[in-house]
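Just so it is clear, none of the values below were taken in a lab; they were calculated from the coordinates. Model, not experiment: these values are computed from the prediction. Note that each Cβ is placed from the backbone with ideal geometry, even for glycine, and that neighbours are counted across all protein chains shown.
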Amino acid sequence: AARWLAGLHGRSLACRSPRLLRYDAAYFRSWLPRALEFAPSGSLDEIAAAYERVVARLAEWPRGFVHGEFYPSNILVEGSRICPVDWEMAGVGPGLLDLAALTSGGWEERNRERLARAYFEACLPALSGSGWDDFLDALEHFRLHLAIQWLGWSRDWSPPAEHAHDWLADALRLAEELELR
């Protein structure tokens, strides 16, 4: 799935449709106020103080056509055939947004890194300006954004049990690792 995703991001696709979402700095920035409103009071204050650095990091990444919600639950696998579903969040933005979705949640770290490595290697030479450490740092910023996005999704919505995840714990851990708190 990670190699397939790299192939999608490596294609030159016309991305001018007004129907496609724009994953840009304004979009990324828009989720923090919602997360602050819905998360336990004070829990995201330190992240909020440094979130503009996260937005800047996300916005600097190369843009192209993205699925928008490339979570494992939105990928059907038949043998070696990869079939993403649920395309209504497709748009123009940084490809690492999709890889962050694929690698977020309850993966063991070694499996998360395996997926990231497969994507990184499949993207070469497109990522030749980005070394492995810079790539991983950017990916962690995108994963932090997704945790913030999930925290800001809705006060009243809860995922089905098989999709439940502690996004607040992820956000706090990622912020710590990225030295934002």
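Let me know the Kirkwood hydrodynamic radius for segment 1-42, please, with Cα pairs as the basis and the value in Å to one decimal.
Values: mean 1/r = 0.0744 Å⁻¹.
For segment 1-42, inverting the mean 1/r across all distinct Cα pairs yields 13.4 Å.
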Please list, in chain and number order, the residues 5+ apart from residue 75 or on another chain whose amide H is under 5 Å from its amide H, with Hs placed from the backbone.
85
What spacing in nm lies between the two simple spin-label points modelled at residue 153 and residue 133, each 7 Å away from Cα in the Cβ direction?
3.5 nm
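Jot down the per residue volume, in cubic angstrom and as a whole number, of the convex hull over the alpha-carbon atoms of segment 69-123.
On the way: hull volume 5.3 nm³, N = 55.
Per-residue hull volume (Cα only) is 96 Å³.
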The extension gain from residue 41 to residue 124, computed as 0.36 nm times the residue separation minus the Cα-Cα distance, is 25.6 nm
Residues with amide H under 5 Å of residue 104's amide H, sequence separation 5 or more or different chain, H placed in the peptide plane at 1.01 Å from N; which?
none
Which semi-axis lengths, in whole Å and largest first, follow from the square roots of five times the eigenvalues of the Cα gyration tensor of segment 39-143?
24, 18, 15
Cα-centred dipole magnitude for segment 87-157, charges only on beta-carbon of K, R (+1) and D, E (-1), debye, nearest 20:
120 debye
Cα-only Debye scattering, segment 121-177: base-10 log of I(q)/I(0) at q = 0.17, 0.18, 0.24 Å⁻¹
-0.67, -0.71, -0.92
Vicinal HN-Hα couplings computed from phi for segment 97-110 (Karplus, 6.51 cos²θ - 1.76 cosθ + 1.60; Hz; Gly/Pro x):
4, 5, 5, 4, 5, 4, 9, 7, x, x, 5, 5, 4, 5
Kindly write out, for segment 169-181 in residue order, the coupling ³J(HN,Hα) from the Karplus curve 6.51 cos²θ - 1.76 cosθ + 1.60 (θ = phi - 60°), rounded to whole Hz, with x marking Gly and Pro.
4, 4, 4, 5, 5, 5, 4, 5, 5, 8, 6, 9, 10
Along the Cα→Cβ direction, 7 angstrom out, place labels at residue 107 and residue 88. What is the inter-label distance in nm?
2.6 nm
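Taking the radius of gyration and the Kirkwood hydrodynamic radius from Cα positions alone, what is the Rg/Rh ratio for the chain, to two decimal places?
Values: Rg = 15.8 Å, Rh = 16.8 Å.
Expressed as Rg/Rh, it is 0.94.
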Show me 71-78, 166-173, 20-27 ranked by packing, highest mean number of other Cβ atoms within 10 Å first.
166-173, 20-27, 71-78
Take the eigenvalues of the Cα gyration tensor for segment 31-100, scale each by 5, and report the square roots as semi-axes in whole Å, largest first.
29, 16, 10
Nonlocal amide H pairs with residue 152, under 5 Å, H built at 1.01 Å:
35
Starting at the first residue of segment 155-166, write each ³J(HN,Hα) from the Karplus equation 6.51 cos²θ - 1.76 cosθ + 1.60 with θ = phi - 60°, in whole Hz, x for Gly and Pro.
6, 9, 8, 10, x, x, 3, 5, 10, 5, 7, 8
Under 13 Å, Cβ to Cβ, from residue 101 - net charge with Lys/Arg +1 and Asp/Glu -1:
-2
Determine the dipole magnitude for segment 1-51: charges of +1 sit on the beta-carbon of Lys and Arg, -1 on that of Asp and Glu, nothing else is charged, the reference point is the Cα centre, and the result goes in debye to the nearest 20.
520 debye
